[in-house]
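Just below is one structure, and these are the notes that go with it.
The values are calculated or read from the model by the stated rules, or taken from the named source; none is laboratory data. Just so it is clear, the structure is predicted and the values come from calculations on it, not from any experiment. Reconstructed Cβ throughout: ideal geometry from the backbone, glycine too, with neighbour counts over all protein chains shown. Just the protein is used for accessible areas: all its heavy atoms, side chains included, with ligands, DNA and RNA removed. Shrake-Rupley method; radii C 1.70, N 1.55, O 1.52, S 1.80 Å.
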Amino acid sequence: MRRPAPGGRHRPAGPALDARRGPAALAGLLAAAVALGTAELAAGLVGPPSSPVVAVGDVVIARAPGPVTRWAIATFGGADKTVLVGGTVLLVAGCAAGLGVLALRHPRAGAAGVVLLGGLGAVAALTGPAGSPLDVLPSLVGAGAGVLALRLLADPLTAPPAAQGRAGAGLDRRRFLLTAGAALVAGGSGRFLQQRLDVAGDRSGLTLPAPASPAPPRPPGADLARRVDGLTPLVTGNRDFYRIDTALTVPQIRPAEYRLAVTGMVAAPRTHTLRDLLDRDDLIERDATLTCVSNEVGGRLAGTARWLGVPLGAFLREHGVSTAADQLVCRSGDGMTIGAPTRAALDVGDAMLALGMNGEPLPVEHGFPVRMVIPGLYGYVSACKWLVGIEAATFAAFDAFWVQRGWAAAGPIRISSRIDTPAAGDRFPAGRRAIAGVAWAQTRGIAAVEVRVDDGGWLPADLSPEVDADVWRQWVLPHDFAPGVHRLAVRATGADGEVQTDVVTEPFPAGATGLHAIDVTAT
Ligand SMILES: Nc1nc2c(c(=O)[nH]1)N[C@H]1C(S)=C(S)[C@@H](COP(=O)(O)O)O[C@H]1N2
Ligand SMILES: [Mo]
């Protein structure tokens, strides 16, 4: 490579090139905006997953190596999807600005670049988990509009100097503004059109039946959060419930079109409508705490809700699931697979096909209209959302999505405890204050929680009354803090006698272990 001369690089195209670079990059950006806006418009007709940004994002999610996905979940948590979409758009913007500059000297190459980007979107949409040939349309239409916009904006920049004079230094303000406006209108109406596929209206129009077996009443004073500031509430509101899934666009399944197919190694395969499930006379309602395997020690990827649904064991037995089928491959409306152990699905009391969450139909992000809930197993091996298929199979014959990425095929939830208040790094006046948090060991229950302050012994905390072995328990320990920095640690003991280990392991591949410990300062 030749190094540029101190006085500036050689410019065979003349001194005006530098001045035209900015407008050319802007032309590229606007052309991309037109392309993406038009593609959103077309996706409004074809369906949101066919949007090139979504399609490319879906391919990234499906093909990203395990460590990358784990890093993204650990770093961004529930914001992972926003980061992915934002990153994709930034990447496209960077390419587009470059293509605009390229188009100055090589208009054809600039256009070819736009077509190439559109082609990538089309391939992504076609090969996506639920891709159909029609899904290539938004990318192709978008690319066409992008090429036109690039010509419209970049051509005046490449015109001979005489013509440029007329256009006013190449940057035709009116053209730029009109193009930007067109991109906004196209994108906006695309988004508007896409909303017509939302099932939020169908969801709010759905009335849940009363359960044949209601949840046992919660003991009086069950929620200690009413008395202790900063403590996690016993029941998590639907809006506050953590969300983890691979769905860049939330699957929109209309109640009237919903079908659940039970297939594979069963004596009586059958397909059920939502009505079939709602009209059953054996619906149960139970409180249970759901937990994600990606939860770090002290993390917040756990929540408790009152679930309403079809008892899973009874439902499966009606289909005569073969005893040789040790895995239930659960399929989601977006093609995602979750492999649940048949034993647990049949035998864990309170396992269900959930239809309701905290007195409402399942929120769309949490699996509307039907998801699985099996207490005691991490969500990635039990809690399939937007559930449309249950195939009785074997673990030997099939690896579900996360297992293909190295996660353990069996995912029993590890006993865990967390300090909610004070928070790590908090400063507060010396003297008496509460240390409090939650602990869980679903299906077994929590028997005790102990807290250690600095190098002292383990002090027993008070527990909230047990609601159900599947529900976390809150714990509180009032403590007299002397001035200074203190290290707090917590450990739980299960009703089965297991004491939470202090051995530290990462969430991957089978769930984190180790004790939650934090430093705080009393002043
Ligand atoms: N269809 C589908 N179901 C899914 C997932 C998913 O990615 N897709 N993620 C699972 C994981 S890893 C967890 S922890 C739970 C989370 O459920 P929530 O988002 O309702 O809290 O859903 C499970 N069900
Ligand atoms: Mo998870």
How large is the accessible surface of H106 in square angstrom, using a 1.4 angstrom probe and rounding to the nearest 10?
100 Å²
How many nm is it between the label spots at T82 and D462, if each spot is 7 Å from the Cα in line with the beta carbon?
3.8 nm
Debye log10 I(q)/I(0) at q = 0.07, 0.11 Å⁻¹ for the chain, Cα point scatterers:
-0.52, -0.98
Apportionment of accessible area to carbon and sulfur, the chain, percent (1.4 Å)
60 percent
Helix-derived mean residue ellipticity, 222 nm - over the chain, DSSP H n ≥ 4, -39500 (n - 2.57), to 500
-11000 deg cm²/dmol
Taking a point 7 angstrom from the Cα of A314 along the C-beta vector, which residues in the stretch 353-369 have backbone N less than 12 Å away?
353
Per-pair calculated FRET efficiency, R0 = 41 Å: S204 and T271 via Cβ, rounded to 0.05
0.95
Lone cysteines in the chain, defined as no other cysteine's Cβ under 4.7 Å from theirs: which are they?
C95, C292
I'd like the Karplus ³J(HN,Hα) series for the stretch 220-226: coefficients 6.51, -1.76, 1.60, θ = phi - 60°, whole numbers in Hz, and an x wherever there's a Gly or Pro.
x, x, 5, 9, 5, 5, 5
Explain nothing, just the number: relative contact order of the stretch 193-298, from Cα pairs under 8 Å at least 6 residues apart, as a whole percent.
36 percent
Here the longest stretch of the chain that holds no trypsin sites (Lys or Arg not before Pro) in a DSSP loop having at most 13 other beta carbon atoms within 10 Å is 228-523
If amide hydrogens are placed 1.01 Å from N in the peptide plane, which non-local residues have theirs closer than 5 Å to the one on L377?
I413
With an 8 Å Cα cut-off and a minimum separation of 6 or more residues, compute the relative contact order for the chain in percent.
13 percent
Diffing the stretch 391-405: the Karplus 3J(HN,Hα) column from phi (6.51, -1.76, 1.60, θ = phi - 60°), in whole Hz with x for Gly and Pro, holds 10, 6, 8, 10, 5, 5, 8, 8, 9, 6, 2, 6, 5, 4, 9
Per the rule of 0.36 nm per residue minus the C-alpha distance, extending R432 to A159 adds in nm 90.5 nm
Extension reserve of the A397-C95 stretch, reckoned as 0.36 nm per residue once the Cα distance is removed:
104.4 nm
What would the Debye formula give as log10 I(q)/I(0) at q = 0.15, 0.20, 0.28, 0.32 Å⁻¹ for the alpha-carbon point model of the stretch 362-415, no solvent?
-0.48, -0.83, -1.21, -1.25
Between R487 and R452, what is 0.36 nm times their sequence separation minus the Cα-Cα distance? Round to one decimal in nm.
11.8 nm
Taking each full run of DSSP H in the chain as one helix, which ones are at least 24 Å long along their axis (Cα atoms) and have mean Kyte-Doolittle hydropathy of at least 0.5?
16-46, 80-105, 107-127, 137-158
Before I look further, what does the stretch 6-195 give for accessible area per residue, probe 1.4 Å, in whole square angstrom?
52 Å²
Short version: ³J(HN,Hα) in whole Hz for each residue of the stretch 294-302, in order, from phi by Karplus 6.51 cos²θ - 1.76 cosθ + 1.60 (θ = phi - 60°), x for Gly and Pro, what are they?
7, 4, 7, 3, x, x, 10, 8, 8
Could you compute the FRET efficiency for D480 and R226, with r as their C-beta to C-beta distance and R0 at 22 Å, rounded to 0.05?
0.40
Quick one: compute the contact order of the stretch 416-522, relative version, from alpha carbon pairs under 8 angstrom and 6+ residues apart, as a percent.
34 percent
